[in-house]
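Asks: Just dropping this structure here.
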Amino acid sequence: MRSRTVNRSGIVIRRRVTPAGDIIVTLLTPQGKLKAIARGGVRGPLASRLNLFHHVGIQIYQTPQSDLASVQQAVLEGALPKLAEPERYAFAHLMAELADALFQEGEFTEQAFELFAGALRGISHQPDPEWVALVMGFKLLGLAGFVAQTARCARCGADQPAHPDPLGGQMLCSNCASLPAYPPEALDFVRYAVRRSVRASIEAPVPTEQRAMLWRALERFVTVQVGNVQSWRQLVPQPQESVRV
């Protein structure tokens with residue numbers, strides 16, 4: 001197999017600097033997830049271009065003997081400076097972690113790329129970045145094929161469950177539940193978030209006081225179905241849920 005040079009355009013979803021001064025980046029591109037290394041990158045112009053959330057066009061070079069493609073050039077194609085704001089950065093970082101966990105290298109993920117890019121734009125520009133992150137978190141999961149069972153109780157199969165599942169992030173009926181039922185707005189969102197359009201969900205936000213239980217359900221479901229996302233407890237608000245006795 002010959003060595004080859006390829007041009008790609010994508011968004012940086014993970015960035016790590018090695019002790020040797022190399023930058024290892026993971027990008028989500030319309031062609032799939034891509035991991036590459038910029039050797040000596042921290043000492044050159046690539047350092048500022050290969051930042052988290054930057055949309056970059058890169059030229060990579062890979063030989064059959066190398067595990068990672070080498071970044072030869074990088075051009076900044078777009079950036080969202082407001083994502084650096086503390087109240088926005090946390091949610092943008094969570095979206096990047098989810099995208100990294102959900103979509104694998106080599107998969108053709110044009111729809112995932114567009115959805116993720118839209119999530120970052122919404123978190124950057126919308127006045128309620130938390131709500132954007134909740135909506136897009138559920139939508140990214142749905143696109144990846146991870147959809148919570150909402151029509152039937154996850155334990156006994158009863159119709160129209162309305163209570164959170166404290167273990168799996170699914171839904172339980174009143175007979176199987178240990179937590180209070182979702183309020184009407186939160187229940188409607190959990191049942192239909194994946195099927196509704198992004199616009200429809202964004203335009204009908206769940207009240208702020210009900211969002212903690214939605215974050216908790218999302219965290220549980222992702223942990224069970226996908227795996228551990230490292231920064232949940234640092235990035236999202238933690239609810240004070242009371243167990244029903």
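The values are calculated or read from the model by the stated rules, or taken from the named source; none is laboratory data. Everything quoted here is computed from the prediction, not taken from an experiment. Note: ideal-geometry Cβ built from the backbone for every residue, glycine included; neighbour counts use all protein chains shown.
Asks: Taking the options G32, G41, name whichever one is under 27 Å from Q111 (Cα atoms) and surrounded by 16 or more Cβ atoms within 10 Å (Cβ to Cβ).
Replies: On the way: G41 fails: under 27 Å from Q111 (Cα atoms).
It is G32.
Asks: Something else about it: If you go through region 130-143 one residue at a time, do you hit one that is among the β-branched types (V, I, T), surrounded by 22 or more Cβ atoms within 10 Å (Cβ to Cβ) and in contact with a Pro (Cβ under 6 Å, 6 or more places away or on another chain)? Before you say what the answer is, go through the steps one by one.
Replies: Taking region 130-143 first, the residues among the β-branched types (V, I, T) are 132, 135.
When the remaining residues are screened for being surrounded by 22 or more Cβ atoms within 10 Å (Cβ to Cβ), the result is 132, 135.
With the extra rule that they be in contact with a Pro (Cβ under 6 Å, 6 or more places away or on another chain), the set shrinks to none.
Looking through region 130-143, none of the residues is among the β-branched types (V, I, T), surrounded by 22 or more Cβ atoms within 10 Å (Cβ to Cβ) and in contact with a Pro (Cβ under 6 Å, 6 or more places away or on another chain).
Asks: Looking at Y89, is it more than 27 Å from Q230 (Cα to Cα) and of a type in the set (F, W, Y)? Even if it seems obvious, please write down each step before you answer.
Replies: Working: more than 27 Å from Q230 (Cα to Cα): no; of a type in the set (F, W, Y): yes.
No.
Asks: Here's another thing I want to ask about it. Answer yes or no: is there a residue in region 103-116 that is of a type in the set (A, V, I, L, M), surrounded by 13 or more Cβ atoms within 10 Å (Cβ to Cβ), over 26 Å from V42 (Cα atoms) and out of contact with any strand residue (DSSP E or B) (no Cβ under 8 Å at 6 or more places or on another chain). Talk me through it step by step, then tell me what you get.
Replies: Our first condition is that a residue be of a type in the set (A, V, I, L, M); within region 103-116, this holds for 112, 115.
Subsequent filtering for residues that are surrounded by 13 or more Cβ atoms within 10 Å (Cβ to Cβ) retains 112, 115.
Going one step further and asking which of them are over 26 Å from V42 (Cα atoms), we end up with 112, 115.
Cutting the leftovers down to out of contact with any strand residue (DSSP E or B) (no Cβ under 8 Å at 6 or more places or on another chain) gives us 115.
The answer is yes, given that some residue of region 103-116 is of a type in the set (A, V, I, L, M), surrounded by 13 or more Cβ atoms within 10 Å (Cβ to Cβ), over 26 Å from V42 (Cα atoms) and out of contact with any strand residue (DSSP E or B) (no Cβ under 8 Å at 6 or more places or on another chain).
Asks: May I pose another question? Considering only region 142-181, how many residues are closer than 28 Å to L115 by Cβ and in a strand (DSSP E or B)?
Replies: So the count comes out to 3.
Asks: With the condition kept exactly as written, say whether any residue in region 72-82 is surrounded by 14 or more Cβ atoms within 10 Å (Cβ to Cβ), touching a residue at least 40 places away in the same chain (Cβ under 8 Å) and assigned to a helix (DSSP H, G or I).
Replies: yes
Asks: If you check every pair at least six apart or on different chains, which have Cβ atoms under 7 Å apart with a residue in region 38-57 that is closer than 18 Å to V6 by Cα first and a residue that is at pLDDT below 95 and part of a helix (DSSP H, G or I) second?
Replies: As it stands, the answer is A38/L46; L50/G41; V56/R49, since those pairs meet every condition given.
Asks: Counting only residues that are among the polar types (S, T, N, Q) and in contact (Cβ under 8 Å) with a residue 24 or more places away in the chain, how many does region 152-172 have?
Replies: 1
Asks: List the number of the failed condition for A204; all other conditions in (1) assigned to a loop (DSSP other than H, G, I, E, B); (2) in contact (Cβ under 8 Å) with a residue 40 or more places away in the chain; (3) under 16 Å from F138 (Cα atoms) hold.
Replies: Failed condition: (2).
Asks: Still on this structure, I have one more. What tally of residues in region 150-205 results from selecting those that are crowded, with 17+ Cβ neighbours inside 10 Å, charged (D, E, K, R), farther than 14 Å from L218 by Cα and in contact with a strand residue (DSSP E or B) (Cβ under 8 Å, 6 or more places away or on another chain)?
Replies: The number of residues fulfilling the criteria is 1.
Asks: With the structure loaded, tell me whether F108 is in the same structural domain as V132 (by TED's automatic domain parsing), in a loop (DSSP other than H, G, I, E, B) and within 20 Å of the chain's Cα centre (by Cα) or whether it fails that test. Break it down into steps so the answer makes sense when it comes.
Replies: On the way: in the same structural domain as V132 (by TED's automatic domain parsing): yes; in a loop (DSSP other than H, G, I, E, B): yes; within 20 Å of the chain's Cα centre (by Cα): yes.
Yes: the conditions hold for F108.
Asks: Does region 83-95 contain any residue that is touching a Lys or Arg at 6+ places or on another chain (Cβ under 8 Å), surrounded by 15 or more Cβ atoms within 10 Å (Cβ to Cβ) and part of a helix (DSSP H, G or I)? Lay out the reasoning, then the answer.
Replies: First pass over region 83-95, keeping only residues touching a Lys or Arg at 6+ places or on another chain (Cβ under 8 Å): 88.
Checking the rest, the ones that are also surrounded by 15 or more Cβ atoms within 10 Å (Cβ to Cβ) come to 88.
Narrowing further to those that are part of a helix (DSSP H, G or I): 88.
For region 83-95, residues touching a Lys or Arg at 6+ places or on another chain (Cβ under 8 Å), surrounded by 15 or more Cβ atoms within 10 Å (Cβ to Cβ) and part of a helix (DSSP H, G or I): present.
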